[in-house]
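S.K.: Please see the structure below; I have some questions.
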Protein chains: 2
Amino acid sequence: MLFPEGVAIDGKTGAVTPETGRYVKRLSELKGIYQDQAAFQRAVSDGNDPVAYEVIDYRNKESDLSFGTTIMAPGQVGGEYFMTRGHYHERPECGEAYYTQSGEGLLLLESRDGEVRTVEMKPGICAFIPPDWAHRSINTGKEKLVFVWFCATDAGHDYGEILTKGMRKIVVERDGRYAVIDNPAYTKASA
Amino acid sequence: MLFPEGVAIDGKTGAVTPETGRYVKRLSELKGIYQDQAAFQRAVSDGNDPVAYEVIDYRNKESDLSFGTTIMAPGQVGGEYFMTRGHYHERPECGEAYYTQSGEGLLLLESRDGEVRTVEMKPGICAFIPPDWAHRSINTGKEKLVFVWFCATDAGHDYGEILTKGMRKIVVERDGRYAVIDNPAYTKASA
């Protein structure tokens, strides 16, 4: 039987207590999502393969709803900010909420039919991600970006299409702030 | 088509911007949930039928997940703190998360087979409510209690059993702090 629990969330570090699991993504595991391959190799070597982001779960198979934190390091690769891989949900009827606790970022989203949207992430903003929109988080600040996510336990992740095709836009630093520009490497779906 | 959106949540006031709806519960609408009927009548008259709590939604029928805030005034009726009506979800497979933003309270829960649990509500604590546990929020502090809730859009509310039978425990002030005691008026289910 599943029991109620008070789960402590540290909005600065992203610690979840108690947690049910976690994973760490080091930069080397994110090969292919950045434009500049040489800059990517340098960032991996020079930074000693830094942690790009970490995800901590509070997840129970017996509950329809799960939550957890994502903690994103600040950083850039050839002018592109550190970002998550980006994904659709495996179950297309599942949306998500990202409630930012500290830092600043940009949530980049696109729909199956090519609509692109961004939502600024900052403390006090709860980003609503509708069902079947791909979403990628980007740390556009100089500090850690920490947010709490809430979604269906069985929503699942579909990374395939974003990893192989990319997203339509990329987010780069221009004159000290972020700019959303066309992705020169975006692969249009073949008919 | 549903679009992504950044929803501002004010952790002090509970304001949700944009919001999709809200409702207010005045004390007079909560007749029957407090033990002391005379104290209840006095609290309604003397307080000019005060707002006990308010719920603000960000809800879309096309999304599986909704969220919003609950803003609970501080107060007491005959030694019992201001509380919500309490409910099960109509769909028993649906859990919920209550992420406290300001104030302090107690979440009182009970399962169908009579297990009782409490979770302290305070900033930084995200209370996990498992599927099919009745839950009632209680403002045990002197300030507003504000929390953000996240649950399935179609979870629904089943108030009936709690309103007619009560919950097994009540929460009262004793020596300046809360105490969880047996509910003298609790109606045991007839076989």
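S.K.: If a residue must be open to solvent by less than 10 Å² (accessible area, probe 1.4 Å), in contact with a Ser or Thr (Cβ under 7 Å, 6 or more places away or on another chain) and assigned to a strand (DSSP E or B), how many such residues does the range A:129-144 contain?
M.R.: 2
S.K.: Of the conditions (1) of a type outside the set (S, T, N, Q); (2) crowded, with 21+ Cβ neighbours inside 10 Å; (3) in contact (Cβ under 8 Å) with a residue 24 or more places away in the chain; (4) over 30 Å from B:R168 (Cβ atoms), B:G21 clears all except one; give me its number.
M.R.: Unmet for B:G21, out of (1) of a type outside the set (S, T, N, Q); (2) crowded, with 21+ Cβ neighbours inside 10 Å; (3) in contact (Cβ under 8 Å) with a residue 24 or more places away in the chain; (4) over 30 Å from B:R168 (Cβ atoms): (2).
S.K.: Same structure, new question: Given the residues B:D10, B:D57, which is the only one that is under 19 Å from B:A152 (Cβ atoms), within 14 Å of chain A (Cβ to nearest Cβ), in contact with a Gly (Cβ under 9 Å, 6 or more places away or on another chain) and surrounded by fewer than 21 Cβ atoms within 10 Å (Cβ to Cβ)?
M.R.: Residue meeting the stated conditions: B:D57.
S.K.: Taking A:F3 as the residue in question, decide whether it is among the aromatic types (F, W, Y) and in a loop (DSSP other than H, G, I, E, B).
M.R.: yes
S.K.: Of all residues in the range B:84-121, which are in contact with a Ser or Thr (Cβ under 9 Å, 6 or more places away or on another chain) and open to solvent by 40 Å² or more (accessible area, probe 1.4 Å)?
M.R.: The answer is B:E93, B:Q101, B:E104, B:R117, B:E120.
S.K.: Then there is this: List pairs: first in the range A:74-99 and at the interface with chain B (Cβ under 10 Å from one of its Cβ atoms) and of a type in the set (V, I, T), second assigned to a loop (DSSP other than H, G, I, E, B) and surrounded by fewer than 21 Cβ atoms within 10 Å (Cβ to Cβ), Cβ under 6 Å, 6+ apart or cross-chain?
M.R.: From residues that are at the interface with chain B (Cβ under 10 Å from one of its Cβ atoms) and of a type in the set (V, I, T), there are no pairs.
S.K.: Taking the range B:155-186 only, how many residues are over 18 Å from the mean Cα position of the chain (by Cα) and open to solvent by 70 Å² or more (accessible area, probe 1.4 Å)?
M.R.: 5
S.K.: Follow-up question, since we're still on this one. Which one of the conditions (1) at negative phi; (2) surrounded by fewer than 23 Cβ atoms within 10 Å (Cβ to Cβ); (3) within 10 Å of chain B (Cβ to nearest Cβ) does A:G124 fail to meet, given that it meets all the rest?
M.R.: All conditions pass for A:G124, except number (1).
S.K.: Here is a further query. Filter the range B:139-183 for residues that are of a type in the set (A, V, I, L, M) and away from every other protein chain (no Cβ under 14 Å); which is nearest to B:G95 (Cα to Cα)?
M.R.: Step by step, filter the range B:139-183, then rank; the result is B:I162.
The values are calculated or read from the model by the stated rules, or taken from the named source; none is laboratory data. Keep in mind that what you see is a predicted model, and the values were worked out from it rather than measured. Cβ atoms come from the backbone with ideal geometry, glycine included; neighbour counts cover every protein chain shown. Surface areas here come from the heavy atoms of the whole protein model, side chains and all, with no ligands, DNA or RNA. Shrake-Rupley method; radii C 1.70, N 1.55, O 1.52, S 1.80 Å.
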